[in-house]
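Heads up, the thing below is written out as structure tokens.
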Amino acid sequence: YLKISKLALAFAIIHSKPSGKSSKEYTEYLARTVSEQDFGWKWKVEVLEAEVLRLRQELLLNRISPRFCLENRKQDTSAETLLGQESINPTSYSSQLEDSGCDVCNDSAFDSLGIASDFHQSEHNVNTSKHWLERVPPLNLCHTSKEQSLTAPVHFLQRLLEIRKLSEGGILQADFSELENDSFTICNSVSQLLDGLTFFYNSPKFPAPSFLTEGVCVFLSLITDSKLSNHVLKKCFKKIEEFKKNLIQIILRNRSVNRFQALHSVSQTLGLLGRNNILRNSLISLLLSGVRQFAEQLLQAHQVQSVYDIAQYENIFLLCMILEQLLQNETEESNISSSDYGGEEKIKFLKNLDQVILHLSDEFPLFSLYLWRVSVLLNSGQMQ
């Protein structure tokens, strides 16, 4: 039936083609026309879906705290002005990565693991909350660009976090049980945020756009907040796991010449995710799996004297450094005896590791050293 249909379509195109055009040219013209129509409809659908999500976000915020939404409407004009100023000189979030050619981060904004300095400040300052209420930009969502597809969920989640802070300070009354009644909105907003971050990490710009730094800080604030994190992790756990896997693959697969600054910003985000007690174990498992699989591939290539991926070999050290730092932090905690990080991946990693190190140590001494250091940290946690 399919063959007959294709043959009938071919005859129809040949029969109806205008004079002066070949059948191939006319077929390509028809294909372009249909494709443009499909693209137009898809764009319209995306815009309508974005508008529906925006309305659901505003409705959810209004249900949680009507007073907050009322006060924000009064501040919309000033908020738009402040948003324009902050796009030039954002002071509320960690500094952007600077493309100096040498430095890969701003040391005043991140420590050795990339912990944003914003998280060292008190989250209970009521004056700061009042200022943020005036500063939060109005929800304005129409997906005409990748930047807007990221900033839209950021603005919604900023407002959600601000309601949380103001309610904690006694300034607003808020009912966060509404998050249970509308899981669609919170799930879609977080998914949209993580997809946007993944897109920009895959196609980095220098210096890093302010909305990218903003998005990371908002997501980290969300998953570390005592009241909001349970709602997010419970409803979006699979999406967050997918996000972590994507970040690891971005590090491993990047082969561009000037890639190390971009990869450093991705590794900072992974390190920050590892600071969350709930996300840490699964992230350690993913990192152990990635390092182990690469070690096995490298050993196989070494044994048969075949070519190995040099770019991936250079990139794997970022994963090793993140893994080592997370394991060190885990070991230093007092409740180490009650945690079993890594689980099945830990067993797979340690199995035959001595033999792997023995065979690779002469040709790849630095990588072998990292494998040994990770194994020591895993074993030290097991002994305690």
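Miscellaneous remarks
- Complete set of residues in segment 206-251 that are without any contact (Cβ under 8 Å) to a residue 12 or more places away in the chain and under 16 Å from Gln268 (Cα atoms): Gln249
- Conditions (1) assigned to a loop (DSSP other than H, G, I, E, B); (2) open to solvent by 50 Å² or more (accessible area, probe 1.4 Å); (3) under 17 Å from Glu58 (Cβ atoms); number of the one not met by Phe176: (2)
- Taking the numbered list (1) out of contact with any His (no Cβ under 8 Å at 6 or more places or on another chain); (2) in contact (Cβ under 8 Å) with a residue 12 or more places away in the chain in turn, Ala31 passes all entries but (2).
- Candidate set: segment 157-173, residues that are in a helix (DSSP H, G or I) and free of Cβ contacts under 8 Å to residues at least 60 places away in the same chain; chosen: the one nearest to the chain's Cα centre (by Cα): Lys165
- Scope segment 179-205; condition touching a Leu at 6+ places or on another chain (Cβ under 7 Å) and open to solvent by 30 Å² or more (accessible area, probe 1.4 Å); matching residues: Asn188
- When the residues of segment 253-268 are filtered to those that are part of a helix (DSSP H, G or I) and crowded, with 20+ Cβ neighbours inside 10 Å, the one that is farthest from the chain's Cα centre (by Cα) is Gln261.
The values are calculated or read from the model by the stated rules, or taken from the named source; none is laboratory data. Note that the coordinates shown come from a computational prediction; the quantities given were computed from them, not determined experimentally. No Cβ is skipped: glycine too gets one built from the backbone with ideal geometry, and neighbour counts run over all protein chains shown. For accessibility, only protein heavy atoms count, side chains too; no ligands or nucleic acids. Shrake-Rupley method; radii C 1.70, N 1.55, O 1.52, S 1.80 Å.
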